[in-house]
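Every number in this text was worked out from the coordinates using simple rules, so none of it is lab data. Keep in mind that what you see is a predicted model, and the values were worked out from it rather than measured. Cβ placement follows ideal geometry from the backbone for every residue including glycine, while neighbour counts extend to all protein chains displayed.
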Amino acid sequence: MHDEFSRFHPTVSFLYFTAVIVFAAIYLNPVMLIISLIAVLVYSVYLGGKRSLRFSALTILPIGLFAALINIAFNHNGMTILAYLPTGNPVTLESLIYGVCAAALLTCVILWFFCFNKVITSDKFIYLFGRIIPSLSMILSMILRFIPRFRQQHHMVVTAQKTLQNAKNQKGVFAKLRHGVNVFSIMLTWALESSIITADSMNSRGYGLKGRTAFSNYRFYTRDGAALIVLCVLIALQITLSVMGCARVSFYPYYSLEITPVAIAGYITYALLCAVPMIINLTEDIKWKYFRSKI
């Protein structure tokens, strides 16, 4: 599907992702985590489709479960004992809830960074920070661009090597070992060669020199200003409500979650903030279908 939010000015996108990633990393409130997890799952599937869903199920879910099990195995705080491990250590309700919340927090942060990588491309990152920190922005941009290129090149090399291996009828352990060594050698050579070519290219273009101009294809429109104002208001409200204790939760010695008017206001504000991209996308989809029906 077409993501309309990614067409907004890079300043708007970067401010949004900075806010949701920071909030996702500091909130251990279960309600906040559920809101963030639902919002980022929906948005990641909207961006990546079934591939994103498969990535979440096969990669992120095991990591989250592992983090939760580690906490249960080594954290025995809490007063509500559910069972005892073979070692004699207790499994408490408080440590179980804390482990699930910690796993959900880790999952949310990873998925938000996945969405960040999809929307904030390397050219947007250079546009935002190229004049402030040219060297660092260039390095980060190259890293973001290098990972998908490396995966694509690795797939091509592996396919080519398997074709050659089958053509020569080579099978067995030594053939597989030789295949792995060849792939590693080719990928290492490709990575070094690509880095040298990129460095020479940027040096020839005068990247980082004083007074150097840069082409930019981004313009700040009225809708970007409106979106920026809305984001600033929501972020300011969320910070204010957080200071007032909207995300307050206690895990030890007993689990306690108070539902107060301030907490409810914080949940609603946080839900609106997390849902900003999908609200924009759904609004544009409805408008597009409406105008198509009028043709």
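Figures for the structure shown
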quantity: Shape of region 233-283, Cα gyration tensor, a/c cut at 1.5; calculated: prolate
quantity: Per-pair calculated FRET efficiency, R0 = 22 Å: Thr18 and Thr222 via Cβ, rounded to 0.05; calculated: 0.45
quantity: Val91 long-range amide H proximity, modeled H, under 5 Å; calculated: Leu82, Ala83, Tyr84, Leu85
quantity: Backbone HN-Hα couplings from phi across region 181-198 [Karplus 6.51/-1.76/1.60, Hz, Gly and Pro as x]; calculated: 5, 5, 5, 4, 5, 5, 5, 5, 4, 5, 5, 5, 5, 5, 5, 5, 4, 5
